[in-house]
Amino acid sequence: MHTISGVVKNQSNGETLIGANIYLADGVTGTITNEYGFYSLTLPSDSIEVTFSYLGLISVSHSLYLTVDTILNVELDDGLFIEEITVNANSNQEKVNSTQMGMDEITVKEAKEIAAIFGEVDVIKVLQLKPGVQSGSEGSSGLFIRGGGADQNHFILDEAPVYNPSHLFGFFSTFNADAIKNVKLYKAGFPSEFGGKLSSVIDIRMREGNRKKFNVTGGLGLISSRLTVEGPIVKDKGSFILSGRRTYVDVFTAAFNEGNKDNEDWVQIPNYSFYDINLKANYDLGDKDRLFLSGYFGRDVFLYKADDINFNFEWGNANATLRWNHIVSSKLFVNTSFTFSDYLYDINNTFDEFDLRLGSGIRDFNLKTDFSWFPSSKHKIKFGLNSIYHRFSVGRFSAGNGTNLNFEAGSEFHAGEFAAYFSDDWAISSKVKLLTGLRLSGFYNEGQFYWAAEPRFALKYSVHQNVSLKANYSRMAQYIHLVSTSGASLPTDVWYPSNERVKPQFSDLVSAGVSIALGKDFYISGEGYYKWMHNQIDFRDGANLIVNDELDKEFIFGKGYSYGGEIYLEKKNGMIRGWIGYTLSWTWREFELVNDGIPYHPRHDRRHDISIVVMWDIPWARKKFPLTLSATWVYGTGNATSLPTGRYIMSGIIGQNPYQFVPLYTERGSFRMPAYHRLDLGLVWKLFPQSKKRFKSDLTISVYNVYNRRNAFFMYIDAVYADGGNGFNSTQLPEKFEAKTVSLFPIIPTITWNFKW
Amino acid sequence: MRFLIIIIAFLVALSCEDMETVIEIEMPPIEKELVIECYLEAGKPYRLMLTETKNYFDNLDECPFVRNAIVVITHAGQRDTLTEAIFFNDNCDPNDIIPYGFWPYLNHDSTRFFNYGSNTLCPHDFDNSFTVEVWDTTGRFAMSTTQFIPESPIEQFFSDSNNSGEYYALLSTMDDINTTDFYRFVLHKTSLTKKRSNGVASIPVARNPKFDRTLDDGGVFAGKEVTTASNYRFKSGDTLIGTIYHIDKTYHDYLESVGDAQSANASPFGQPAVVKSNIIGGQGIFAFLSYDRDTIVVP
């Protein structure tokens, strides 16, 4: 037996390719590249023809007689000047052959072809179009995966956890598509190297930068602009990429405010902006060693100044990763990473001479090492260690006027999280593969130590070369918890560690399904799942979550469970591409102190969820100006919500409005908002893509919510008064009550100009 | 080009539409419960408002008051039956010349009104609890018990100015480190009632407190001075009335949960809150009001 190994790269920019296929002529024996473009395939001595392929790139085949261990590094051409790109069939084959299930992968190329709200390409919103993934509410980039909460998703950017992956109160994700190479979402079958959150892993890899030549790319959009600079540090030895993005709505609002500063009737418009910067550099220290340094810094800034009020609210993430890839041998690859993650929010409010400051945050230092060992063609073994130091700042609060009125509160916790893992993906026969894995995790805080054994199993049985049956089981543990009563991810939500009172959360997920490859074009999968979630956290009614040194006394504990099925049809190749996903699911929460202990549906419970995504390269468009049209239609059962079913009048001791009503909520989550559906259209118009000139550009036109549906953001009951007022401090009775929905986004057309030089 | 402008204008017009939509929903009927709202004050007569819960979409003209009920307050073995206010008719019409057609019991310093009352003065008794019991003609029964707790004296009540000549007011009391305490701080300006310009009828200003906050002695206040302050909003010569109610946990929880329930309805991020009532078999609150009140004139 001998091993063929190496790294697969994109010839045009020298970047490594994640998930490139390496297959022999039989179409069955093969592997894929890992997150660093490395592959290893151990085969008997023989004459072989090995084909390297990657979606959208031209496949390359090599014939050789394998008599010794062989290093074969391959570069695949993007075929920019070739009219027809040979597409590969192996990506579907790999999905069928793999033990992995419950995984979705998207490329930025796909994301850029799909219409986006305000033209902001958002890889997370594309994930929301996959089955089993729900957005929390209209426009939100929050993810609710197979019944899990928004805080149960493990966002990793180049291996560094990102604790608040959104801008603008959740409407945009923090991930700038220009700096992203690849996104993988695991919603089941979690690899053993991942842990720490219950419901999903979103593994986001940044681009490495062009190793061949310098490039400048950018775009001008409706609300933001982007600019990316990349190039070789030393040609074919190392590269860098620097990418920035900033919104400019605040520039206009500041100008409006300035222009109206003498207008007494003018109500100041708050200034809001966000920006983020991605930086990455890499360098080959030799044939077997490669060093990476990557970083992210992003901030949202909300400013309001009027009369005596000066309100400044800032929040954001900072991440850094230092990685060392080392090829120990053709069969052993090791990656060692040191990462830094920081999330904080900070509110500074000055009113007259009172100052109020409120903030919270989490900071991590994380050291991990991961080994990939390919002892034979039948085994892929992974093992590694991980150690994290967490620092939690919870509810830092100070207020006062500097003289006789001053308060301070807040807590700080220092905790450690540890893990060791092992997994073996074993090809028992040509039909059966079994993945067994175990992750041992632990957590230490305030003298309390918790540990958990998290087994992972996955079984694949090939009924046919193109059809396989799969099943898996995963246990996940989560030691840190998001303090949020909103049901959505807000910047003011606080991460809180497990301690003596707050036990770790656990989930057990079983799923089973079928994968079918229909030729080189179509892939179909169907999965059913049941997930149990233990030690789920909610908060007692009326909990004080802002200034509270004993925050954990406000926690209540319960359980959750979710079950359902997903069907997915995908076509990645050809002139018409896209996918259709359908999810049928039920999600429940059960807390002794909520809803009288009766199970209820949380807000993100959604019975039916349909996504249809189509991308079409218009065949009759002129070659100088090729057009790609995309259409996205989504449908979802309305969110579960709670409404008061009864009311009574209350006078109060200070004689408030005598017609003030106290609403009575009887059952949690017993109402449904109207069904959600929306059509988005996008058009990417490339301008002279085949020109030999270096400068290239395109226009992207998108229309969000084409038929202008008023999708409900939330629902409430309103009192209608004869005088049209709101009844506050009124001594009149309302005429009637009526249920109303509030929508956020009507039809929104956007045009974005993108360029590359 | 003109076509493009028309399209853009149309899309902008659509974008500026009202984003609220009235929808039809079906509400399951609730079981209608008695609602007791009764605050005891030492030296003041017993007063109680007795209503019932309604379905949220019930006709608002439907009478909320519970008629002909037996209402009894018991203290130290003494049962005092409250008398229903005088109803002139059975229409219970809020638009009647006399709203709801009855002459309510009123308290002296605000707009509070009641439909059951007694001339018995509430005793100043630390040792014995008070119990309210209500039977109505449909067989419903509700009851509750409360206890007198001593007032918490005002420690500081003053105003101070900034450079602009505007004043804030500070109100505080000392917390007892040996007990778990709850407070309600209220600040009024000028008076609890004032005369209309015609000098005849009084209009309430008590319903417009400058602040009305519930606080507990957890966190920053444990065993220390419990303090709250207004913004810089007063001028020299203003009369300020500060009141600190020393309240029990049930009343504190009731106030907090009512506030949460009211704000949850209108907030996209609010969680529905169950009103925490201390009425067994019904809704509402039965609480003892112990308070210290002071008046200052902004210098």
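The values are calculated or read from the model by the stated rules, or taken from the named source; none is laboratory data. Computed from a predicted structure; not experimentally measured. Ideal geometry is used to build each Cβ from the backbone, glycine not excepted, and the neighbour counts take in all protein chains shown. We work out accessible area using only protein heavy atoms, side chains counted, and drop any ligands, DNA or RNA first. Shrake-Rupley method; radii C 1.70, N 1.55, O 1.52, S 1.80 Å.
Could you work out, for the range A:405-538, what percent of all Cα-Cα pairs fall into each 10 Å distance bin, beginning at 0 Å and stopping at the bin that holds the largest distance?
In whole percents, the pair-distance histogram is 10, 28, 27, 19, 12, 3, 1, 0.
For the interface of A with B, what's the total buried accessible surface in square angstrom, probe 1.4 angstrom, rounded to the nearest hundred?
6800 Å²
Between A:Trp753 and B:Ala266, how high is the FRET efficiency from 1/(1 + (r/R0)^6) when r is the Cβ-Cβ distance and R₀ = 35 Å? Nearest 0.05.
With R0 = 35 Å, the Cβ-Cβ based efficiency is 0.30.
Got a number for carbon plus sulfur as a percent of the range A:465-608's accessible area, 1.4 Å probe?
Answer for the range A:465-608 is 59 percent, counting heavy atoms of protein chains only.
Can you give me the Kirkwood hydrodynamic radius for the range B:240-282, using every pair of distinct Cα atoms, in Å to one decimal?
11.9 Å
At 0.36 nm per residue, and after removing the present C-alpha to C-alpha distance, how many nm does the segment from A:Lys431 to A:Asp596 gain when stretched out fully?
54.4 nm
Starting from the 7 Å offset along Cα-to-Cβ, what nm value, one decimal, do you get for the label separation of A:His62 and B:Ala42?
9.4 nm
Find the lysine pairs in chain B meeting two conditions, Cα atoms under 18 Å apart and a separation of 8 or more places or different chains, and report how many there are.
The result is 8.
Roughly speaking, what is the stretch gain from A:Asp723 to A:Lys740, that is 0.36 nm per residue apart minus the C-alpha to C-alpha distance, in nm to one decimal?
Stretched fully, the A:Asp723-A:Lys740 segment lengthens by 4.2 nm.
Please tell me the relative contact order of chain A in percent, rounded to the nearest whole number, where contacts are Cα pairs under 8 Å and at least six residues apart.
The normalised contact order for chain A reaches 10 percent.
Relative contact order for the range A:2-88 using alpha-carbon pairs under 8 Å, separation at least 6, rounded to a whole percent?
Reported as a whole number, the value is 35 percent.
Which percent of the Cα-Cα distances in the range B:34-146 go past 22 Å?
35 percent
Compute the semi-axes of the equivalent ellipsoid of chain A, taking the square root of 5 times each eigenvalue of the Cα gyration tensor, and list them largest first in whole Å.
They are 45, 30, 27 Å, listed from largest to smallest.
Along the charge dipole of the range A:298-426, pointing to its positive end and built from +1/-1 on Cβ of Lys, Arg, Asp and Glu, which listed residue (A:Gly361, A:Ser393, A:Tyr421) has its Cα farthest out?
The Cα lying farthest towards the positive end belongs to A:Tyr421.
If each DSSP helix of 4+ residues adds -39,500 (n - 2.57) and the sum is divided by the residues in chain A, what number results at 222 nm, nearest 500 deg cm²/dmol?
Result for chain A: -1000 deg cm²/dmol, rounded to the nearest 500.
For B:Glu24 and A:Phe311, what is the calculated FRET efficiency with R₀ set at 30 Å and r taken between the beta-carbons, to the nearest 0.05?
That pair, B:Glu24 with A:Phe311, gives E of 0.15.
Using r as the Cβ-Cβ distance of B:Asp90 and A:Glu667, and R0 as 45 Å, what FRET efficiency do you calculate, to the nearest 0.05?
So, using R0 = 45 Å, E works out to roughly 0.85.
Name the most mobile residue of B:Phe182, B:Phe269, B:Phe221, meaning the one with the largest mean-square fluctuation, in a Gaussian network model of chain B with Cα contacts below 10 Å.
Looking only at B:Phe182, B:Phe269, B:Phe221, the largest GNM fluctuation is found for B:Phe269.
So what is the calculated 222 nm ellipticity per residue for chain B, using -39500 (n - 2.57) for each DSSP H run with n of 4 or more, over all residues, to the nearest 500 deg cm²/dmol?
-3500 deg cm²/dmol
Taking the convex hull of the alpha carbon atoms in the range A:2-88, what volume per residue do you get, in Å³?
82 Å³
Just to confirm the number: angle between the C-alpha axis of helix A:249-259 and the first principal axis of chain A, 0 to 90 degrees, nearest 10?
40 degrees
What nm value, rounded to one decimal, do you get for the distance between B:Ile70 and A:Tyr635 when each label is placed 7 Å out toward the C-beta?
6.1 nm
If we restrict to alpha carbons, what Rg and Dmax does chain B come to, in Å?
23.7, 89
What is the projected area of the convex hull of the Cα atoms of the range A:295-373, averaged over all directions, in nm²?
With every direction weighted equally, the projected area is 6.1 nm².
Would you mind classifying the range A:211-289 by shape? Square roots of the alpha carbon gyration tensor eigenvalues, ordered a ≥ b ≥ c; an a/c under 1.5 is rounded, otherwise it is prolate if a/b is larger than b/c and oblate if not.
prolate
How high is the relative contact order of the range A:312-431, in percent, with contacts defined as C-alpha pairs under 8 Å that are six or more residues apart?
21 percent
Quickly work out the A:Leu356-to-A:Met575 label distance, labels modelled 7 Å from Cα along the C-beta direction, and quote it in nm with one decimal.
If labels sit at A:Met575 and A:Leu356, their model points lie 6.2 nm apart.
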